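Read the structure below first, then the notes.
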Amino acid sequence: MMMSFRFHKAMMALAILFLPIWGSVMDGRGPLGSLGGLASFYPLLLGCFIWSIQAVFFQRKIYFPKNVGTYPVLLFLLAIIISFIVNIQEIWTMNFNGAPASTRFFIQFGTMLMLMLILLYMTNFFKAALNSGQDIFAFINRYMTLSVCISVVYSFFEIGAHFLGITAFESVLSIFQLLYLSGGGYQSFRLQSLAYEPSFFIQYVVIVLPWLVVNIVYSSKKRKIFYLILTAIVCLMVFLTFSRSGYPIILLEIIMLLFFFRKKISIVKGMILICMFIGALSLLFASVGLEYDLDSFLHVFDTIFIIEGVSNITRWASQLAGWYIFLDYPITGVGWGLFGFYAPDYFPSWGWASPEIQMTGLNGGGRLSPPFGLYTRLLSEVGAVGFACFMLIFFYTTKNLYALINNKKICELHRAFLFACVVFLTAFFVLGFTSDNLYDWGAWGVVTLVWALTNRYIQEN
């Protein structure tokens, strides 16, 4: 039993370590799509497979969480099934870009079933760890910190190669890419670290930044300095992404963290040091030839709400198409995973100016149009019913998080980490307006951790 737990512990550790490799595995274009592009998925899949064998053939006990927060997950799966039943005629006959709608639906539904099985696996792991008296927060924090260090080391070579023009660093980056089968996809003068693109790197940062700040507040003096430096480097990396969605999200997290730790003077001093560090290094990069100026930096914010440029046209047109689909199919949507089959009929006329929409929206080959937003996908594919069920999952998760934070049986440090989860979930919700972050393992990790903690500290008392 102990050897078995160690194996699953190793799989969970690898899943956390691989978090920075976001969308980069086979560039997210493998048979499992965006889920297969996340490196964290593979150790979780292996662990879940072994755990399933143990449960079936060796009668290993399976814990099914029975708190109210788990029911919306089952209701969400039911909403997907209902969307299939309501649209079965169209799903069975529709074909677009050489792909039958029925095949697309069953692949996407199978992926969701796989996700739900992995959630059950993660919940059982957390429960087993808690029952054995292990500090699950220390475990997560240890490997979260290591994952940040890996990302920082990689970005050291990335900055040298793509920002400072050091040719030798290009070879090092190529070796890294071979490890996770990525074709690269680099964007000049935009940092993306191990992720496929800068926006994916931001999704990783919103997971780890709150945990880093908690370490700044509660660590010993030497470790506090280490986490201050590490957090400053991560913030610099965020700055170098030039991400129009990244800057506001990270700023939101920092404001929430400063408010929560407002009585901790060290955190305020730490954030001032971080800002000074970023300012100094930004001036350094500018002095050695980094091609940006104040106008181009401020233009990042201008383009959040202005429909100009290929990227913005594509995103705004996709969001509007999803909204128009929802208006026509408001209750159950068009079917899980089928946004791309309907979007070409709903894109606004000015959206076709985007080459990306032309490539994905014309029935002549290539991949299907992506929704470019979690809420766009939910509303258009499973309608108001599925959207409500999905939001209930995280409503109850947040509700239980606050109940755990107010539980005096949990130590102050662990309550601080739980608040870090609240900060991250807030950022996750906001990112849903601009990113299809359905397969964010950080968010689902919080859900399963809360299920296990709720059983331990609330339901058993």
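The values are calculated or read from the model by the stated rules, or taken from the named source; none is laboratory data. These figures come from a predicted structure and were not determined experimentally. For neighbour counting, all protein chains shown are included, and Cβ atoms are generated from backbone atoms with ideal geometry for every residue, glycine included. When the accessible area is computed, the model is the full protein with side chains, heavy atoms only, and any ligands, DNA or RNA have been set aside. Shrake-Rupley method; radii C 1.70, N 1.55, O 1.52, S 1.80 Å.
Quick notes
- Remark: the Leu164-Ser219 segment gains 16.4 nm on full extension, using 0.36 nm per residue and subtracting the alpha carbon distance.
- Cα-projected label distance for Leu74 with Cys149, points at 7 Å along beta-carbon direction, nm: 4.3
- Distance cut-off 15 Å, percentage of C-alpha pairs in the stretch 314-355 lying past it: 35
- Rounded if a/c under 1.5, otherwise prolate or oblate - the stretch 334-380, Cα gyration tensor axes: prolate
- Two-site FRET efficiency, Arg262 against Ile107, from Cβ-Cβ distance with R₀ of 56 Å, rounded to 0.05: 0.70
- In a fully extended conformation the segment linking Ile81 and Ile229 would gain 48.4 nm over its present Cα-Cα distance, using 0.36 nm per residue.
- Listed values for the stretch 150-155 are Karplus-derived 3J(HN,Hα) couplings in whole Hz (6.51 cos²θ - 1.76 cosθ + 1.60, θ = phi - 60°), namely 4, 4, 5, 4, 4, 5, and x replaces Gly and Pro.
- Simple label model, 7 Å out from Cα along Cβ direction - Arg142 to Tyr63, nm: 2.0
- His162 accessible area, assembled protein chains, probe 1.4 Å, Å²: 50
- Only the Cβ atoms of Lys and Arg (+1) and of Asp and Glu (-1) were treated as charged; on that basis the dipole of the stretch 353-461 about its Cα centre amounts to roughly 360 debye.
- Neighbours of Phe176 by Cβ distance under 12 Å: Lys/Arg scored +1, Asp/Glu scored -1, total -2.
- Rounded if a/c under 1.5, otherwise prolate or oblate - the stretch 75-177, Cα gyration tensor axes: oblate
- Accessible area per residue in Å² at 1.4 Å probe, computed on the stretch 5-114: 49
- Taking amide hydrogens as placed 1.01 Å from N in the peptide plane, the amide H of Phe96 sits under 5 Å from those of Ala101, each at least 5 positions away in sequence or on another chain.
- When the Cα gyration tensor is reduced to axis lengths a ≥ b ≥ c, the ratio a/c is 1.5 or higher for the stretch 321-451, and with a/b above b/c it is classed as prolate.
- Distance between the modelled labels on Ile331 and Ile88, one decimal in nanometres: 1.6 nm (7 Å Cα→Cβ projection).
- Comparing Leu17, Thr70, Ile53 along the charge dipole axis of the stretch 1-121, the residue lying farthest to the positive side is Ile53, per the Cβ-charge model.
- Using the 1.4 Å probe convention, the accessible area of the stretch 332-461 works out to 34 Å² per residue with neighbouring protein chains retained.
- With θ taken as phi - 60° and the Karplus curve 6.51 cos²θ - 1.76 cosθ + 1.60 applied, the whole-hertz 3J(HN,Hα) list for the stretch 35-41 is 5, x, x, 8, 5, 4, 5 Hz, x standing for glycine and proline.
- Taken one residue at a time, the phi angles of the stretch 227-237 give Karplus couplings (6.51, -1.76, 1.60, θ = phi - 60°) of 6, 4, 5, 5, 5, 4, 5, 4, 5, 5, 4 Hz. Gly and Pro are set to x.
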